[in-house]
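One structure below.
The values are calculated or read from the model by the stated rules, or taken from the named source; none is laboratory data. This is a predicted model, so every value here is computed, not measured. Please note: Cβ atoms are built from the backbone with ideal geometry, for glycine as well, and neighbour counts cover all protein chains shown.
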Amino acid sequence: MTISREIRLRAKPNGAPVPSDFELATVDVPPPGPGEVQVRNLWMSVDPWMLRALREAVGPEAPPQPSRFGSSVVGKAPHANAVGEVIASGDPQFTVGDLVLSLDGWREVFNTPAKDLERLTPGRLPPQAYLGVGGLTGLAAYAGVTRVLDVKAGETLLVTAAAGAVGSTACQIAKIRGATVIGSAGGPEKAAFLKEIGVDGVIDYKVEPDLDAALARVAPGGVDAVFENVGGRHLAAGLNAAKPFARVLLCGLMTGMAGGASEPVPANLMRVVRQRIRIEGFSAGDHFGEMPTLRALLADWLETGQLQLRDTVAEGIEAAPGALLGLATGANVGKMLVKLC
Ligand SMILES: NC(=O)c1ccc[n+]([C@@H]2O[C@H](COP(=O)([O-])OP(=O)(O)OC[C@H]3O[C@@H](n4cnc5c(N)ncnc54)[C@H](OP(=O)(O)O)[C@@H]3O)[C@@H](O)[C@H]2O)c1
């Protein structure tokens with residue numbers, strides 16, 4: 001038996017999650033059965049989709065959820081992407097020491113069917129990068145900038161939540177493609193980070209009562225494309241600054257995501273008509289096939305210094321709920337992670 005600790009969802013959040021919605025439990029993990037693998041988690045990812053999954057939590061009596069990305073179950077450890085190391089294996093496909101990606105974060109050690117693990121090739125990216133820039137985060141930024149928006153040299157791109165994991169990667173990929181990048185984020189530390197990574201026009205929206213005026217100042221000619229992570233007044237300002245035939249990628253809408261009041265949907269949709277703006281919803285999951293190319297490219301960019309990473313790291317399983325609450329209130333610069341081992 002191996003002793004492990006895990007965070008369980010004690011109660012379905014009523015609006016924004018609070019610490020008392022979670023509890024720490026100690027469990028005995030038996031040796032893995034045939035076809036199972038035992039994993040010790042090294043890193044857990046903290047992502048906005050986890051807030052939605054908690055808000056949609058179901059009771060333990062509910063039928064099993066069709067998708068592991070779906071709702072959480074009250075009384076159980078929720079899902080989160082995690083990178084871990086195999087410590088015992090009942091399946092011939094995995095051996096002790098393999099690095100694996102799973103959806104079984106919120107736990108220190110767990111058993112799982114081998115089919116639910118992805119083996120990672122250790123190499124040019126550090127293990128935690130597979131949860132950020134070398135995972136869904138990086139894929140969202142890469143596919144959003146290069147495939148959907150197809151940002152070109154000489155164009156101006158606006159990125160919102162620009163100092164976050166997806167946003168900061170999107171900014172840097174657009175810079176690599178030769179675009180002028182405008183980034184909006186909350187607070188002086190985030191603004192300084194954006195300048196460090198080469199963002200041309202930085203907006204600290206927390207001290208800008210008028211986002212239209214701020215955008216007119218840093219992008220007087222308007223914007224050709226918008227990488228939208230926030231919604232509400234950010235999206236409204238992006239539409240107001242959009243040049244004719246601008247493209248707007250809806251990657252995510254953080255406003256309202258944490259369970260608080262969401263900012264209203266922009267009322268200026270006539271801009272879309274007048275400027276012939278294309279607005280497109282987006283899922284990084286549609287671009288999974290590009291992951292190997294992306295990981296190789298990222299490793300090159302990291303080695304040449306064209307891409308810089310910033311992580312915000314919480315230490316230990318007991319810090320995981322606080323890390324998620326922190327993501328919901330913008331406490332992170334770059335990727336929010338929990339170091340488990
Ligand atoms: N479509 C896809 O496939 C896909 C995949 C991954 C992520 N996403 C989306 O991409 C966006 C960024 O995700 P991420 O993982 O990189 O997270 P993140 O940006 O690292 O963290 C979230 C950030 O959102 C900002 N924010 C702005 N308004 C907020 C509000 N009202 N409430 C809370 N936070 C607010 C905060 O930064 P400030 O302090 O600057 O406000 C916070 O740090 C999210 O919308 C997410 O849903 C989409």
Checklist entry - Is the range 258-278 home to any residue that is modelled with pLDDT under 95 and surrounded by 19 or more Cβ atoms within 10 Å (Cβ to Cβ)? => result yes
Item to check | Test: residue 162 is at pLDDT 95 or above, more than 9 Å from the ligand (Cβ to nearest atom) and either touching a Gly at 6+ places or on another chain (Cβ under 7 Å) or part of a helix (DSSP H, G or I) (or both) | outcome: no
Next on the checklist: Any residue in the range 42-68 that is within 15 Å of the ligand (Cβ to nearest atom) and in a loop (DSSP other than H, G, I, E, B) sitting within a Cβ distance under 6 Å of a residue that is at pLDDT below 95 and of a type outside the set (A, V, I, L, M)? List the pairs, counting only those 6 or more apart or interchain.
Outcome noted: 56/71
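For every residue, the table says whether it meets (1) in contact with a Phe, Trp or Tyr (Cβ under 6 Å, 6 or more places away or on another chain); (2) free of Cβ contacts under 8 Å to residues at least 40 places away in the same chain; (3) away from the ligand (no atom under 14 Å from the Cβ).
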position: 97; (1), (2), (3): no, yes, yes
position: 148; (1), (2), (3): yes, no, no
position: 151; (1), (2), (3): no, no, yes
position: 157; (1), (2), (3): no, no, yes
position: 177; (1), (2), (3): no, yes, yes
Checklist entry - Out of 255, 329, 312, 293, which single residue is surrounded by fewer than 15 Cβ atoms within 10 Å (Cβ to Cβ) and near the ligand (Cβ under 10 Å from one of its atoms)? => result 329
Item to check | Odd one out for residue 144 among (1) within 14 Å of residue 226 (Cα to Cα); (2) away from the ligand (no atom under 13 Å from the Cβ) | outcome: (2)
Checklist entry - residue 125: in contact with a helix residue (DSSP H, G or I) (Cβ under 6 Å, 6 or more places away or on another chain), away from the ligand (no atom under 14 Å from the Cβ) and modelled with pLDDT under 95, yes or no? => result yes
Next on the checklist: Of the residues 108, 85, only one is under 20 Å from residue 2 (Cα atoms), more than 16 Å from the ligand (Cβ to nearest atom) and in contact with a helix residue (DSSP H, G or I) (Cβ under 6 Å, 6 or more places away or on another chain); which?
Outcome noted: 108
Next on the checklist: Given the condition of a type in the set (S, T, N, Q), in a helix (DSSP H, G or I) and within 17 Å of the chain's Cα centre (by Cα), answer yes or no: does some residue in the range 99-118 qualify?
Outcome noted: no
Checklist entry - Given the residues 239, 307, 298, which is the only one that is modelled with pLDDT of 95 or more and within 21 Å of the chain's Cα centre (by Cα)? => result 307
Item to check | Selection status of residue 88, in a strand (DSSP E or B) and either crowded, with 16+ Cβ neighbours inside 10 Å or of a type outside the set (Lys, Arg) (or both) | outcome: yes
Checklist entry - Among the residues of the range 212-228, is there at least one that is in the same structural domain as residue 144 (by TED's automatic domain parsing), within 13 Å of the ligand (Cβ to nearest atom) and more than 16 Å from residue 149 (Cβ to Cβ)? => result no
